[in-house]
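The values are calculated or read from the model by the stated rules, or taken from the named source; none is laboratory data. Predicted model, so just to flag it, every value in this text is computed and none were measured. For neighbour counting, all protein chains shown are included, and Cβ atoms are generated from backbone atoms with ideal geometry for every residue, glycine included.
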Amino acid sequence: MKKFLTALSGFLLLTLGQAMILPASAQLALPQPSPRCGARLTMGVTDIEVDYGSPGVNGRALWGSLVPFDEIWRSGANSATWISFSTEVQVGGQTLKAGKYALYLIPRADKPWILALNSNEGQWGSTNFKESLDIVRTEVQIAPAPSFAERLQYSLEYIGMSSAQLRMHWGPTTWTLPIQSDAKSLGMANVRKFFVDRPGDWYPCANAAAFVLENGNDPAYALELAQKAVRLNGEHFYPRWILARVHAARAEFRLAADQADQARIKGEAENSDWYQGYAGDIAKNMKTWNEAAGPLVPAGKKRK
């Protein structure tokens with residue numbers, strides 16, 4: 001009997017222990033007072049994401065009360081707010097490597113707030129906050145918001161391919177944080193990396209040539225990419241049009257006009273909506289480049 005009871009108690013302990021370990025799918029899901037929210041933006045070639053718990057005002061006094069002044073704040077509810085960058089960026093004038101960072105604030109009365117980006121991005125709240133892990137500290141200027149936000153909101157606002165801003169809005173208060181990147185250099189690096197030991201396709205070649213032409217300050221490389229696009233698909237108007245633009249940028253106006261004419265011929269044969277979107281620019285620039293090139297010189301004769 002004693003052996004039986006010992007075996008039975010062991011079985012029950014094992015069974016109860018297994019029952020207490022619930023799989024993730026069996027965890028109870030309930031509405032949260034401060035739901036998790038987020039925002040995403042691609043600035044040039046840089047992906048930016050912010051994730052935060054969004055508390056409500058619920059009739060409470062915010063700054064200096066619910067959120068004390070001169071104390072570190074998780075910038076949201078529950079787990080600390082975090083922000084991530086896929087490339088190196090400049091935040092508040094300081095360089096920040098690609099990565100994911102906890103975002104903390106120190107609200108202050110009648111002063112700009114202190115914003116800290118901390119490397120310990122997975123922490124809960126601010127109980128384990130360590131200033132020594134701050135990667136960037138900067139100030140943000142508080143301003144009255146144009147409207148009242150019942151719930152904390154963060155948004156990412158696009159300004160240009162090298163510039164964006166993070167905005168916080170809660171209650172009557174807002175602030176913005178400028179974010180910059182060197183989109184031209186990053187884009188050029190992506191182009192060069194993309195075509196290393198890659199046979200390529202005409203469309204990315206043509207697009208890369210256009211980007212290099214406009215942003216890369218490397219007309220020889222733009223010409224190489226445009227010529228490759230034409231070799232890969234010279235029957236489409238678009239590679240011819242990009243090659244024409246590259247020749248024009250190199251002051252090779254006769255070649256530019258000839259390629260523009262080829263783009264016109266290929267495009268009219270295709271007669272797509274894509275071509276129709278470019279037809280006016282092609283005709284206008286072909287006229288300009290023909291005038292810049294001057295009259296054709298018969299074979300065997302030299303220009304005066």
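Of the residues Val67, Val57, only one is within 23 Å of Tyr101 (Cβ to Cβ), at pLDDT 95 or above and of a type in the set (A, V, I, L, M, F, W, C); which? Can you show your working first?
Values: Val57 fails: within 23 Å of Tyr101 (Cβ to Cβ).
Criteria check complete, one pass: Val67.
So which of Pro204, Pro239 is modelled with pLDDT under 95, surrounded by 14 or more Cβ atoms within 10 Å (Cβ to Cβ), out of contact with any Pro (no Cβ under 8 Å at 6 or more places or on another chain) and assigned to a helix (DSSP H, G or I)?
Pro204
Can you name every residue in region 30-54 that is of a type in the set (Val, Ile, Thr) and farther than 14 Å from Thr81 by Cα?
First, pick out the residues of region 30-54 that are of a type in the set (Val, Ile, Thr): 42, 45-46, 48, 50.
Scanning region 30-54 gives Thr42, Val45, Thr46.
What is the residue count in region 156-170 for residues that are surrounded by fewer than 19 Cβ atoms within 10 Å (Cβ to Cβ) and either of a type in the set (A, V, I, L, M, F, W, C) or closer than 13 Å to Pro144 by Cα (or both)?
3
Would you confirm, using the coordinates I've provided, whether Ser162 is touching a helix residue (DSSP H, G or I) at 6+ places or on another chain (Cβ under 8 Å) and either at pLDDT 95 or above or closer than 25 Å to Asp70 by Cα (or both)?
yes
Condition check: within 22 Å of the chain's Cα centre (by Cα), modelled with pLDDT of 95 or more and either closer than 15 Å to Glu71 by Cβ or not assigned by TED's automatic domain parsing to the domain that holds Tyr154 (or both). Does Leu105 satisfy that?
no
Does region 140-153 include one or more residues that are part of a loop (DSSP other than H, G, I, E, B), modelled with pLDDT under 95 and assigned by TED's automatic domain parsing to the domain that holds Pro172?
Within region 140-153, the first condition is being part of a loop (DSSP other than H, G, I, E, B), and the residues that meet it are 141-142.
After this cut, where a residue has to be modelled with pLDDT under 95 as well, the list is none.
Checking region 140-153: not a single residue is part of a loop (DSSP other than H, G, I, E, B), modelled with pLDDT under 95 and assigned by TED's automatic domain parsing to the domain that holds Pro172.
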